[in-house]
Amino acid sequence: MQLDERKMKILQAIIRNYLESGEPVGSRTISKYTDLNLSSATIRNEMADLEELGFILQPHTSAGRIPSDKGYRLYVDSMMAEKEREVDELREVLIEKEDRLEHLLKQVVKVLATNTEYATMITSPRYERNKLKFIQLSRVDEHQLVAVIVVEGNIIRNNILEVSEEIEDESLLKLNILLNTNLNGLTLDEINLGMIASMKQQAGIHSGIIGEVLDAVAEAIKCDEDYQIYTSGANNILKYPELSDHARASELINTLEEKKQLEELVEKNSSPENGIRVYIGDETPIANMKDCSVVTATYELEDGIQGTVGIIGPKRMDYEKVIQTLKSLKNELDAIYRKT
């Protein structure tokens, strides 16, 4: 059943206030929770209509109202429909933006190799996700649920949860309310043992599901390890006599083309606090690059979105030019990214 906008806002205000306080909600309180600018008398009339329609209850005379199961159902169905629309829109936007960003990074690393005449690398951005935005539990079949987890940076993760027996709609509804009421907007550090214990207690026989969802949340919030490394200019290595020995050059070029070993550089430069780092000879964490110098920088596109860019050349590389190039690139990438 659909309610008009005013009744829906009043119902939402009653439910949100009741979820926070656990106390019946009166018209005066509701007037502070809506942007309708209605008098208490008008709100009381609307609340009377909501009660007649079965969306709220009055536990005893002269008390405020509390949500009924029917009210919770409308609230959650409305919230889920809105979040599903947001998730679908986010997926479309992110896929399009990721395609454009991949093209941009391939162009950047190619231009960088041409301008410096060294070998270059750049990673796609990784997301240092901090806060949970939304959780949605939905039924796949009688023995499986899917947990859709949306975190800062609008990263979406789907996790399949196995259940021993089918969960009723009302139980699923209450689990969604429990999870979102307690966890939305929190960082991983803020989800403490006391909170987890309380949620599991409230979930009763479904406490195991809470545990699985929290494991999935922890996995979603931690740093994304699924990133791409793009390289260019491997053949520039051959321009420098000290690196052009056939065996040595082959090892270097293979390292750049296979990319797996480059992950060691990325891991050492996974924080913007690292700034620009210079590795000379044996300082380089990659064995095949002990005759080289490597200069890396962490670029940050926006809060929590960062990647690594690196330049590999002989020990006699033009450090001043390379460092200045990386400084300029760090500043320019953010502006370019926002236009993609």
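The values are calculated or read from the model by the stated rules, or taken from the named source; none is laboratory data. Here the structure is a predicted model, which means the values were calculated and not measured. Here the Cβ is made from the backbone with ideal geometry for all residues, glycine too, and neighbour counts use every protein chain on show.
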Close pairs (9 angstrom Cβ cut-off, 6 or more residues apart or separate chains): in contact (Cβ under 8 Å) with a residue 24 or more places away in the chain and farther than 16 Å from residue 122 by Cα in segment 229-248, outside any helix (DSSP H, G or I) and of a type in the set (D, E, K, R) anywhere = 236/117; 239/117; 240/316; 242/291; 242/315; 242/316; 243/291; 248/291
Specify the residue that is nearest to residue 235 (Cα to Cα); the eligible residues are those in segment 309-330 that are part of a helix (DSSP H, G or I) and touching a strand residue (DSSP E or B) at 6+ places or on another chain (Cβ under 9 Å).
-> 322
Cross-chain or 6+ apart pairs with Cβ under 9 Å, segment 39-52 first and in the same structural domain as residue 26 (by TED's automatic domain parsing) and modelled with pLDDT of 90 or more, then loosely packed, with under 15 Cβ neighbours inside 10 Å and assigned to a loop (DSSP other than H, G, I, E, B) = 47/58; 51/58
